[in-house]
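Visitor: Please find one structure pasted underneath; my questions will follow.
What follows draws every value from the coordinates through simple rules; no lab data is involved. The model shown is predicted, which means the values in this text are computed figures rather than measured ones. Here Cβ is always computed from backbone atoms with ideal geometry, including for glycine, and neighbour counts include all displayed protein chains.
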Amino acid sequence: MLVILGLSLVLSAPDAATAGPCDLLDRATAGQLLGQAVAAGTPSGPEPDEDSGGTRRNCVYQAGKSLLVLTQVTFASAAAAREATTRELVGERLGEEDFTVKEESGLGDKAYWAYSEIAAQYIVVKGPNVLGLALGGTGQAPSSYQASLRAAAAKAAARL
């Protein structure tokens, strides 16, 4: 009986392909980044991402004026994800005049740290997925939360 129950739980558990974007980051981590406990994230998508050609899904957490946005864009292949996520293209999408974009090592297949005076984002390419984890409205300089945002992006990317 326990074997059947265990097997049914495994078969019904969502995998990375069916998990929603809010399943990639737990509420405790979102609350830590936002500086206070948060309700469940608000998911949206899937929908076509016209800028990149992939399929986009989002999860938004809000605490006061601060927002944490997790974006997952899925492509047909890992090669398509890498091709759509170069430093130049990331800079263009964010608005290069406002954001600085730097390549980061040790996250996924390729990663970028993008920041302005008021917000920051990690962009992680892993297989056919591109994960964006953006934080803004905190009133703090992005350098003050870079390590925490990186750790959260690594945790979310590991669930892809």
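Visitor: Provide Lys102, Lys126 in ascending order of the number of other Cβ atoms located within 10 Å of each residue's Cβ, fewest first. Don't jump to the answer; show the numbers that get you there.
Guide: On the way: Lys102 10, Lys126 20.
Final ranking by Cβ density, sparse to dense: Lys102, Lys126.
Visitor: Also, I was wondering about something else. Given N residues in segment 37-160, what is Rg(Cα) / (2.2 N^0.38 Å)? Mind dumping the intermediate values first?
Guide: On the way: Rg = 13.7 Å, N = 124, 2.2 N^0.38 = 13.7 Å.
Rounded to two decimals, the normalised Rg is 0.99.
Visitor: How far apart, in nanometres, would the label points at Thr42 and Ala28 be if each is projected 7 angstrom from Cα along the Cα-to-Cβ direction?
Guide: 2.6
Visitor: Separate question: What's the longest bit of the chain with no exposed GluC sites (Glu not before Pro), using DSSP loop states and at most 15 other Cβ atoms within 10 Å as the test?
Guide: The reported range is 1-49.
Visitor: A further question on this structure: When Lys and Arg each count +1 and Asp and Glu each count -1, what net charge do the other residues less than 15 Å away from Ala154, Cβ to Cβ, add up to?
Guide: On the way: positive: Lys110, Lys126, Arg150, Lys155, Arg159; negative: Asp26, Glu104, Asp109.
In short, +2.
Visitor: In addition: Subtracting the Cα-Cα distance from 0.36 nm times the residue separation, let me have the gained length for Glu50 to Lys102 in nm, one decimal. Spell out each step's value before the answer.
Guide: On the way: separation 52, 0.36 × 52 = 18.72 nm, distance 2.40 nm.
Answer, rounded to one decimal: 16.3 nm.
Visitor: For Lys110, list the lysines whose Cα falls under 27 Å from its own Cα; do not include residues on the same chain fewer than 8 positions away.
Guide: Of all the lysines, those that pass the test against Lys110 - Cα under 27 Å, at least 8 places apart if same chain - are Lys102, Lys126, Lys155.
Visitor: Where does the charge balance sit around Gly136 when Lys and Arg score +1, Asp and Glu -1, over other residues with C-beta under 11 Å from its C-beta?
Guide: Here the count lands on 0.
Visitor: Grab the DSSP H runs of the chain that are 4 residues or longer, score each as -39,500 (n - 2.57), total them, divide by all residues and round the 222 nm result to the nearest 500 deg cm²/dmol.
Guide: Values: 5 runs with 47 residues, N = 160.
Using -39500 (n - 2.57) per qualifying helix, the result is -8500 deg cm²/dmol.
Visitor: Further question: Please order Val130, Val60 by the number of other Cβ within 10 Å, starting at the fewest. Numbers along the way, then the final one.
Guide: Details: Val130 30, Val60 17.
If I rank by nearby Cβ atoms, fewest first, I get Val60, Val130.
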